[in-house]
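Worksheet: the structure to be examined is printed underneath.
Taken together, the values in this text are just the output of simple stated rules run on the coordinates, not laboratory data. Keep in mind that what you see is a predicted model, and the values were worked out from it rather than measured.
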């Protein structure tokens, strides 16, 4: 079918075959070409979820440490630091 979109060729290596066989148990009756698309979509979804989880973990760590070390810096810390910078 004609399309202006890029097309990709995928060789059915043993790893790809294993993934397609596994996908066939999840989506029975689908042709292997459609299973490949479903695997790509599922993989993208998993990556998005992992990125969101990492972001949440990072945010939680930042919020947990925010303000905990205020005594490490004097009230004039930034002024003193800036005085050391070249003009």
Full-extension gain in nm, residue 52 to residue 68, via 0.36 nm per residue minus C-alpha separation: 3.2 nm
The value for the chain (convex hull of the alpha-carbon atoms, volume per residue, Å³) is 245 Å³
